[in-house]
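First comes the structure, then the notes that go with it.
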């Protein structure tokens with residue numbers, strides 16, 4: 001279970017694949033127990049949807065791909081895939097290219 005899922009009342013539900021149970025039906029889900037005004041309810045969402053939302057929040061906070069990957073215990077490649085999906089469907093602005101040490105030295109000399 002990833003760090004992001006280690007919250008109270010949140011459980012990851014996974015299924016073993018079988019001959020007639022696969023694909024979207026067998027996708028892992030997050031199950032959340034909520035208590036509102038004394039009313040207990042269960043909510044659920046696909047793990048991939050939750051990961052996408054977490055990546056969006058971290059991108060909005062200015063985190064870099066490798067930092068997001070480390071925090072969510074994903075590969076940097078998977079984070080890049082999610083960021084590409086966000087850019088395509090959710091208008092996320094990509095990070096600016098990091099400046100090299102040479103650029104920084106030149107800007108200090110010019111100052």
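Nothing in this text is a laboratory measurement; each read-out follows from the coordinates by a stated rule. Note that this is a predicted model, so its numbers are computed, not measured. FYI the Cβ positions are ideal-geometry reconstructions off the backbone, even for glycines, and counts take in every protein chain you see.
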*Sticking with the crude label model, points 7 Å out along Cα→Cβ, report the distance from residue 49 to residue 27 in nm, one decimal please.*
0.8 nm
*Let a ≥ b ≥ c be the square roots of the eigenvalues of the Cα gyration tensor of the range 3-90; is it rounded (a/c under 1.5), or, if not, prolate (a/b larger than b/c) or oblate?*
oblate
*Hey, what did the range 3-90 get for relative contact order, percent, Cα under 8 Å, at least 6 apart?*
21 percent
